[in-house]
1. May I ask you to say which residue of 106, 136 is more than 9 Å from the ligand (Cβ to nearest atom) and at positive phi?
2. For the stretch 47-104, give me the residue count where each residue is closer than 30 Å to residue 311 by Cβ and polar (S, T, N, Q).
3. Of the residues that sit in the stretch 328-362 and are more than 21 Å from residue 393 (Cα to Cα) and among the polar types (S, T, N, Q), which one is surrounded by the most Cβ atoms within 10 Å (Cβ to Cβ)?
4. Output the number of the condition that residue 1 fails; it satisfies all remaining conditions of (1) away from the ligand (no atom under 16 Å from the Cβ); (2) touching a helix residue (DSSP H, G or I) at 6+ places or on another chain (Cβ under 6 Å); (3) at pLDDT 95 or above.
5. Residues 259, 246: which one is surrounded by fewer than 20 Cβ atoms within 10 Å (Cβ to Cβ) and within 15 Å of the ligand (Cβ to nearest atom)?
6. When the residues of the stretch 201-229 are narrowed to those that are more than 8 Å from the ligand (Cβ to nearest atom) and of a type in the set (S, T, N, Q), which ends up farthest from residue 169 (Cα to Cα)?
7. Would you please list the contacts, defined by Cβ atoms under 7 Å and residues six or more apart or on different chains, that run from a residue in the stretch 183-204 that is in the same structural domain as residue 123 (by TED's automatic domain parsing) and modelled with pLDDT under 95 to a residue that is among the hydroxyl-bearing types (Ser, Thr, Tyr) and surrounded by 20 or more Cβ atoms within 10 Å (Cβ to Cβ)?
8. So which residues in the stretch 370-383 are crowded, with 23+ Cβ neighbours inside 10 Å and under 14 Å from the mean Cα position of the chain (by Cα), if there are any at all?
Amino acid sequence: MSNTKKIAGDCPSLGDDPKCRHNHLHTQGEGVRTFPQPILVTRPLLPPIPAITRRMEDIWGAQWLTNMGKQHGILEAALTQHLRVPHLSLLCNGTIALLVAGKVLDMQGEVITTPFTFAATPHAVNWTGAEPVFADIDPVTLTLDPKAVEAAITPRTTTILAVHVFGMPCDVHALAHLAAKHNLRLLYDGAHAFGLEVEHTGIGNFGDITAYSFHATKLFHTAEGGALACGSAEMHTRIERCKNFNILSEETVGGVGINGKLNELQAAVGLAVLEIMDDERERRARIAAIYREVLGQVPGVTVQPVLPQVTRESLQYFSIRIHEQEYGLSRNALHAELKKHNVLTRKYFYPLCSTFECYKKLPSSRPENLPVATRVAAECMALPFYGALPDEDATTIASMIRDMPR
Ligand code: T4K
């Protein structure tokens, strides 16, 4: 390959020794570049240890470990402001957040959702006792296509559960219109949408409820955690009760609830992560810019777009699509080639949820019903995307995709 180069830093082997432990590229002949250590699709954002221990000392001093303690309160207030939402409730993870949302919205009957998502989305529908109905996605935003949603509505439909996949916002206005017209609840899975703003409005302001995930692999995290944002104080109260067994007082339980609480240790991690959030966002914006610059003009590669209505990007994932005919290699082949060279991309979200054993017999799971999602699942991949990824590595990964022999 003509532009193969050695990036050996101060390594005396100049990158030619395969036993070298520096994480720089080793050239092993024309066209072959291999990172000595695997580059993962993401790494958790790790605050300096003292920022954690300082808070641990507070927690120990208070002898208060969970059940909505001081750290929980501080984090909830800080995130309500950060996400620019009217009400926010912290939860122990994003999946339980979806379950609690489903419960308080009385999500029964049929729930129209996307197959192009993580397993948690349809599983949450199933766990609340409803049936997922898969509808196709838009070929640009990869989120639910409002026309497909409308076509899927039946008298049994109660809810639309839409996902802002990879931080690309759903068509929030069209979905709001549909929900109002057909008297449906509108729940957003915002697991990928932390910090996303559309038309200068926090994404959690749309729909009845938005669920966030604060898993370690997310931009903002509490190791495990999640939250629900909503617009009404009454809904917020229902969520707060539901996540705490629906206990109303020492002697009264108001209905069926669950243990969805985020503990003090998780909250402490979240507060420390929040302190370094702006730097992390800056780093990720830089990496996204590198990927866009190198890959933007490569035939057969579509880079995740920044949609015109987005006024603040989420910067949680960076996805590309590989169009086999034009690029000359399939997504699967590229994924495998990169893996050989220690670049571990992920085929999010392949296979489609509609193909899982537990859902594949649903009438809506037929591939003919989901042509766009079926195609996109075969084309899409998530690239390594986290602040600690050096610029040179991002450039190298993008160049490898650009120059991959084919
Ligand atoms: N809705 C949507 C649309 C979601 O994407 C998710 C979660 C949810 C709902 C549910 O939210 P949670 O209940 O999880 O809060 C990961 C995450 O576990 C999952 O949270 C996330 N979506 C999903 C898209 O990605 P896996 O199975 O791909 O994770 P894993 O273990 O393969 O890790 C991914 C990469 O991160 C690996 O390269 C290793 C690296 N990693 C991972 C962890 C946990 C680290 O370097 N350090 C770590 O601590 O699901």
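1. It is 106.
2. Residues flagged as closer than 30 Å to residue 311 by Cβ and polar (S, T, N, Q) within the stretch 47-104 amount to 5.
3. 354
4. Unmet for residue 1, out of (1) away from the ligand (no atom under 16 Å from the Cβ); (2) touching a helix residue (DSSP H, G or I) at 6+ places or on another chain (Cβ under 6 Å); (3) at pLDDT 95 or above: (3).
5. Selected residue: 259, the only one of 259, 246 that is surrounded by fewer than 20 Cβ atoms within 10 Å (Cβ to Cβ) and within 15 Å of the ligand (Cβ to nearest atom).
6. Looking at the filtered set, the residue picked out is 222.
7. Cβ pairs passing all conditions: none.
8. 383
The values are calculated or read from the model by the stated rules, or taken from the named source; none is laboratory data. No experiment lies behind these values; they were computed from the predicted model shown. Because the Cβ atoms are built from the backbone with ideal geometry, glycine has one as well, and the counts that use them run over all protein chains shown.
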